[in-house]
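Colleague: Following this message is one structure expressed as structure tokens.
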Amino acid sequence: LIYAWVSKEFKNLKRLHNAGVNVPEPYISSNNVLIIEFIGDEKGNPAQPVRNQPPKNPEEFFNKLLVQLKKFVHEGKLVHGDLSNYNILNQNEEPIIIDVSQSVVLDNPISHELLQRDIKTLVNEYKKLEDKIKKESDSVLKSLYKSKIVSNKYFVDTINSIFNFNSTKEVSKNDKTQ
């Protein structure tokens with residue numbers, strides 16, 4: 001089981017790193033060993049999860065995180081499946097996503113459910129971090145849609161169902177508003 005986890009973590013990190021997602025660069029894996037880039041400062045102090053080191057400007061950090069989520073799904077063609085402030089590092093106010101072994105490809109039957117959970121978790125966590133964050137569910141949807149993550153009916157339906165959009169709030173493929 002450990003060998004499978006190491007192999008999947010390595011493959012997913014490689015895929016995401018090549019897609020430009022802020023993840024530790026994977027160097028090599030063998031048996032039960034995975035060697036990846038150290039994320040931390042010059043003194044050897046590791047970057048902390050956002051849960052332990054909240055960003056100074058949560059709204060700005062959240063927006064950076066949305067960019068990474070877009071790349072993760074659109075370029076990396078994966079859904080994390082357990083994205084939260086426990087597995088996002090705060091490296092000099094930049095989000096670094098870790099713990100990607102459970103990530104699934106977009107055509108996996110459970111990707112719909114996992115993407116819903118990831119987005120809901122992030123929106124809820126960042127609303128809690130700072131009251132100033134005014135990101136409502138529909139603006140997250142529009143942001144994801146504009147990045148062309150939501151490029152097929154399956155994902156349009158997924159995102160719309162996350163927040164139970166009614167007909168007046170629903171975003172369609174022709175929505176050009178911000």
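The values are calculated or read from the model by the stated rules, or taken from the named source; none is laboratory data. Nothing here was measured: the structure is a model prediction, and the numbers come from that model. So basically every Cβ, Gly included, is an ideal-geometry build from the backbone, and we count neighbours across all protein chains shown. The protein model used for the area step is the full one, side chains on, heavy atoms only, and it has no ligands, DNA or RNA in it. Shrake-Rupley method; radii C 1.70, N 1.55, O 1.52, S 1.80 Å.
Colleague: So which residues in the range 5-25 are of a type outside the set (A, V, I, L, M) and touching a residue at least 60 places away in the same chain (Cβ under 8 Å), if there are any at all? Give the derivation first.
Modeller: Restricting attention to the range 5-25, the residues satisfying the condition of being of a type outside the set (A, V, I, L, M) are 5, 7-12, 14-15, 17-18, 20, 22, 24-25.
W5, K8, E9, N12, R15, N22, P24 - these are the residues of the range 5-25 that are of a type outside the set (A, V, I, L, M) and touching a residue at least 60 places away in the same chain (Cβ under 8 Å).
Colleague: Which condition number in (1) of a type in the set (V, I, T); (2) free of Cβ contacts under 8 Å to residues at least 24 places away in the same chain; (3) open to solvent by less than 70 Å² (accessible area, probe 1.4 Å) is the one that I88 fails?
Modeller: Condition (2) is where I88 drops out.
Colleague: Quick check on this structure: which one of L83, L129, L141 is surrounded by 19 or more Cβ atoms within 10 Å (Cβ to Cβ), out of contact with any strand residue (DSSP E or B) (no Cβ under 6 Å at 6 or more places or on another chain) and modelled with pLDDT under 90? Walk me through it before giving the result.
Modeller: On the way: L83 fails: modelled with pLDDT under 90; L129 fails: surrounded by 19 or more Cβ atoms within 10 Å (Cβ to Cβ).
Step by step, each of L83, L129, L141 is checked, and only L141 is surrounded by 19 or more Cβ atoms within 10 Å (Cβ to Cβ), out of contact with any strand residue (DSSP E or B) (no Cβ under 6 Å at 6 or more places or on another chain) and modelled with pLDDT under 90.
Colleague: Continuing with this model, one more query. Going by the structure shown, is K11 modelled with pLDDT of 95 or more, surrounded by fewer than 17 Cβ atoms within 10 Å (Cβ to Cβ) and not in a loop (DSSP other than H, G, I, E, B)? Walk me through it before giving the result.
Modeller: Details: modelled with pLDDT of 95 or more: yes; surrounded by fewer than 17 Cβ atoms within 10 Å (Cβ to Cβ): yes; not in a loop (DSSP other than H, G, I, E, B): yes.
Answer is yes for this residue.
Colleague: In the range 17-69, which residues are surrounded by fewer than 15 Cβ atoms within 10 Å (Cβ to Cβ) and in contact with a Gly (Cβ under 6 Å, 6 or more places away or on another chain)?
Modeller: Residue satisfying the conditions is P46 alone.
Every residue, every condition in (1) more than 15 Å from E9 (Cα to Cα); (2) in a strand (DSSP E or B); (3) out of contact with any Pro (no Cβ under 6 Å at 6 or more places or on another chain), yes or no:
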| residue | (1), (2), (3) |
| --- | --- |
| L34 | no, yes, yes |
| P54 | yes, no, yes |
| K64 | yes, no, no |
| Q68 | yes, no, no |
| F72 | no, no, yes |
| G81 | no, no, yes |
| Y86 | yes, no, no |
| S101 | no, no, yes |
| N108 | yes, no, yes |
